[in-house]
Amino acid sequence: MSVTRVATRMRLFLFDVDGTLVSARGAGRAAMARALEAVYGTRAGIDGYDFRGKTDPRAVFDILRDAGFDDAAIAGRLDECFERYVLELEALVGDGARVEIMPGVADVVRALAARTDAIVGLLTGNIESGARVKLRHTGLWPLFRVGAFGSDDADRRRLPAIACARARGVAGVEVPFDRVVIIGDTPLDVDCARACGAVAVAVATGHHAATDLATCGSDLLFADLADVAAVLRALVTSTADCQAWPFGCQPANA
Ligand SMILES: [Mg+2]
């Protein structure tokens, strides 16, 4: 009986990486530029490309199509490009010195991960190996029990279903989309949540101001996650099952 009860209340919190958990201070763009130049012989167009909210494979295809490459030529060397990208990223941020963790993030993630009614994961446009490099020195990587990455699909909208399938594999429970909370710093993160019926949480710690994010229709909007207690309170009561509960959700391990 208790297993069923936990399963029906389980929620899945999915965090974006860049601009939400950390800033790599431009290292991703720099590493990608080096990789494109090494593998495809061009970095044309990357300096003006808007990476915000895009998956890594989408960025590569967008940039190289604009430079005149056809899809077959891009796809044929994509694995090689990402291998080089991770090597370059490792060289730039592998020691952690350049990676800035956003305010409150570590405490919020740790508190959610400690709950028995929550699974914490990643939903990011980063390829998995890139996300791992960026997060390595935060100490948070082991707390993310599931992840859906740019290396799983170039279309961010397809990533929530992948994360849910992995949550089912990890925890043995079905988490419906209305108990999934997607936290990100761009309109595309909000769009991704909206498209599947998840709770959309926007945080203005990336390159979008709160005033821009306010027009995207997120369920929650934070300037940052620094007020850990308030953020946790809002996050754990944000799902539809909690809103229908007159006294709000109580932490299962409180
Ligand atoms: Mg982001």
So if I check each of L122, L143, L135, which one is of a type in the set (A, V, I, L, M), at pLDDT 95 or above and away from the ligand (no atom under 16 Å from the Cβ)?
L143
Going through the range 32-61 one residue at a time, which ones are within 16 Å of the ligand (Cβ to nearest atom) and in contact with a Phe, Trp or Tyr (Cβ under 9 Å, 6 or more places away or on another chain)?
M32, T55, D56, P57, A59
Filter the range 192-234 for residues that are at pLDDT below 95 and either closer than 20 Å to V22 by Cβ or among the acidic types (D, E) (or both) and give the result.
H207, D212
In this structure, is G121 part of a strand (DSSP E or B) and in contact (Cβ under 8 Å) with a residue 12 or more places away in the chain?
yes
C81 fails exactly one of the following numbered conditions: (1) of a type outside the set (V, I, T); (2) within 16 Å of the ligand (Cβ to nearest atom); (3) more than 18 Å from the chain's Cα centre (by Cα). What is the number of that condition?
(2)
Does V109 qualify as being assigned to a loop (DSSP other than H, G, I, E, B) and more than 22 Å from R29 (Cα to Cα)?
no
Scanning the range 177-197 residue by residue, those away from the ligand (no atom under 16 Å from the Cβ) and either hydrophobic (A, V, I, L, M, F, W, C) or without any contact (Cβ under 8 Å) to a residue 12 or more places away in the chain (or both) turn out to be F177, V180, A195, C196
Restricting to the range 89-120, name every residue that is small (G, A, S) and buried (at least 23 other Cβ atoms within 10 Å of the Cβ).
A118
Could you please let me know if A163 is under 21 Å from V108 (Cα atoms), free of Cβ contacts under 8 Å to residues at least 60 places away in the same chain, within 16 Å of the ligand (Cβ to nearest atom) and in the same structural domain as E128 (by TED's automatic domain parsing)?
no
All-but-one check, A38 against (1) under 28 Å from I162 (Cα atoms); (2) modelled with pLDDT of 95 or more; (3) in a helix (DSSP H, G or I), failing number (1)
With respect to R65, is the statement that it is more than 16 Å from the ligand (Cβ to nearest atom) and outside the structural domain of L213 (by TED's automatic domain parsing) true?
yes
When you go through A148, A131, A154, A161 one by one, which is the residue that is farther than 14 Å from V17 by Cβ and buried (at least 16 other Cβ atoms within 10 Å of the Cβ)?
A154
Scan R58, R84 and give me the residue that is at pLDDT 95 or above, outside any loop (DSSP other than H, G, I, E, B) and within 21 Å of I183 (Cβ to Cβ).
R58
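The values are calculated or read from the model by the stated rules, or taken from the named source; none is laboratory data. Nothing here was measured: the structure is a model prediction, and the numbers come from that model. Using ideal geometry, Cβ is built from the backbone for each residue, glycine included, and neighbour counts are taken over all protein chains shown.
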